[in-house]
Structure formats: C-alpha cells, structure tokens
C-alpha cells in the first residue's frame, strides 16, 4: 500500500453497501496511496452480494484525517451521488473501528456503452410495517436513466419476494428482473419503478395469504396490503417521481404472492390498476372465488395471469375457474382486460417466472 503521511493509526475497517447489478470490482483510494484508483492491494473484498469490506493493515501508517473514495477500477468509473453527480471526497477522523458507507450509483464503464441496467437502491433495511408490528427490507429498482430525466414521472409495480427477484437471487432461484428490465430498456419499455419487498421467511405464507387456512393458520394478507397501500406507497410517492394514480400503480407476485395480488385487485381496486399474477395459490381458500363474484362495476383494470401445467393437477383448472368467475359476473367487465398465459410444461419455479416477467410487464404497461 502507498503511504504519504507518517501518522500511526489503529486498525480501521470500511464496509460498503451498493446495488448488486454491477459486477465490476470495487477499489478504495485516497490520500493514503496517492489517489491511485485501482491498486490490487486496495481492492475491496465482496462478503455477499452488494456488500464489500476493506481493512487497513494493523499498524499501517495513514494520513490524518483520512480522505478516500470508491472506484470500479478507474477515475472514469468512480462513485456518484443519487443524482448522478461526482461524489465529494469522504473524510473521516476515525482511526479505528468500522465505518459504514453506501454508494447509490457508479459512473458507467465507457467501454460498455450498452449498459442500461436498472439502478437498485435500498429504500430501507428495516422499513416499519406497523400493521404487522414488523420490519422488512425494501428495494427500489429505478430505470437506468432515472436521475438523468429529473422532470419525468414513472408508473410503479409493487412486488413481493424481493429475495428471489434480482441480483444473486436466493437458494430457490432468481427471476432476474434486473436483466429483463435492462433488455426492456433497450426496447424503450423499461420505464417502470419496481418496489420489491422482502418476504418474512418462515412467516411468508401467513403474511401473504388473505385467508385463514386450517393447516396454515391465520392469514394476514389484508394487513400486508394495508401496509403497501397506507404506509409504503405514500412513502415511495413522496421520495420518488411516481405516477400516483391507480392506472399507473401495480402489484405483482407468484404462488401465495400471486394469491395476494388477486386479493389486491378485488379489495383495493381504487389503488391497483395493473396486476401481475403468476401461479397463484388458489388452493388456500375457496373464498377467493366468492370474492371474485363480487368484483362488479370495477375500474379500468389490466390483469395478467400465468399458470403452468407442471405445477400440480389443479393449477391450470383453478386458474381457468378464476378467469371464468371474473368473466361471468359481467358487471363492468368491458373495463377489465385479462390476459391468461398457460404453459403446459411450465413448472412452479423462479426460472419459469423469469421468462414470463418481461411479457407480463410489457402487456400491463406498454401495450
């Protein structure tokens, strides 16, 4: 490591959190190494997706105060603020312990002119869910040029199961919506803000299900939707340039998250006008069909439903039954457009939902 100033400090650790879609390595540079932007010794260690750390060697001589920046390998790939402007030098007088930093955006690699990946921000690691007395991590995926168009407003899609949607995904798989959004941006059909909410792990089914089930327990889906409509949506609308009306507000999810999305369409039509329903867990309760019967005089709405033939014997028949129920109730149906996609070989997994996501997003928002 380069040394400019002979001031002895104790061990100092830097921990950095940043969007997970950029695979370039991260370096720390500063007045401790003549501001060289890509020294191998100063490359940060990735501890998990989106999380990096760097520890100055114990007993190393460092300048005081310490000034530093993060780069992706050069001064043409440096950290930026959330508006896409150069970030000022970070300065600290701390000589030991841990410093927690966050980078929202990075300057694009000039050699990769086709990069249109969405900007992924952590809205909060511990967003309060007062309706359930819980906290949850929430991500926001913004169009790649969001900060370059300060006067533009965007439709929003709220999605469940954020752990499975982008970046490295989870042990269950990955929808790879970040890659789909980049491809859609190349078609000028990626201008949607995605708000992705982490699920509650072992409490996931109870949180998402709007109905009680003798085997699964009490369903808290209506409370979860109240969180989205009454708490999360106002916060997102205040912080980002969204189109707030119902025709530009959507909900999406798979499995029990798909069931929750149907319930959002039926019980919160004044909030949600675009629904992305993949492989819904209609088996949880027959009450979903009775609620669908009362879906009369609805607002203008678009509903995209996907089901696979390899998801059990009842998935496709139940999906057709739901669609027929909505059709047969009749009242105001001309204002509701439903597109049903059936894949006879489709399985119940993130890989299959990944293929369906761009098709559904385009139909819901751009066709």
Problem set entry | Entirely in the stretch 272-367, the strands (runs of 3 or more DSSP E) that have 2 or more residues that are assigned by TED's automatic domain parsing to the domain that holds residue 174, under 25 Å from residue 230 (Cα atoms) and at pLDDT below 95 | 301-308
Exercise. Does the stretch 79-88 contain any residue that is assigned to a loop (DSSP other than H, G, I, E, B), in the same structural domain as residue 179 (by TED's automatic domain parsing), under 23 Å from the mean Cα position of the chain (by Cα) and surrounded by 15 or more Cβ atoms within 10 Å (Cβ to Cβ)?
Worked result: no
For this session: With respect to residue 282, determine if the residue is touching a helix residue (DSSP H, G or I) at 6+ places or on another chain (Cβ under 6 Å) and either within 21 Å of residue 219 (Cα to Cα) or touching a residue at least 60 places away in the same chain (Cβ under 8 Å) (or both).
Result: yes
Problem set entry | Hits in the stretch 121-149 (condition: free of Cβ contacts under 8 Å to residues at least 60 places away in the same chain and surrounded by fewer than 18 Cβ atoms within 10 Å (Cβ to Cβ)) | 124, 125, 126, 133, 135, 145, 149
For this session: Quick one: which residue in 14, 28, 99 is modelled with pLDDT of 90 or more, touching a helix residue (DSSP H, G or I) at 6+ places or on another chain (Cβ under 6 Å), surrounded by 14 or more Cβ atoms within 10 Å (Cβ to Cβ) and over 20 Å from residue 120 (Cα atoms)?
Result: 28
Exercise. Hey, among the residues in the stretch 153-164 that are out of contact with any helix residue (DSSP H, G or I) (no Cβ under 8 Å at 6 or more places or on another chain) and modelled with pLDDT under 95, which one's farthest from residue 118 (Cα to Cα)?
Worked result: 163
Exercise. Restricting the stretch 177-211 to residues that are crowded, with 20+ Cβ neighbours inside 10 Å and part of a loop (DSSP other than H, G, I, E, B), which is farthest from the chain's Cα centre (by Cα)?
Worked result: 210
Problem set entry | In the stretch 118-161, the residues that are more than 21 Å from residue 104 (Cα to Cα) and over 18 Å from the mean Cα position of the chain (by Cα) | 130, 131, 132, 133, 134
Exercise. Are any of the residues in the stretch 341-349 free of Cβ contacts under 8 Å to residues at least 12 places away in the same chain and within 27 Å of residue 188 (Cβ to Cβ)?
Worked result: no
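The values are calculated or read from the model by the stated rules, or taken from the named source; none is laboratory data. If you're wondering where the values come from, they're calculated on a predicted model, not measured in any experiment. Here the Cβ is made from the backbone with ideal geometry for all residues, glycine too, and neighbour counts use every protein chain on show.
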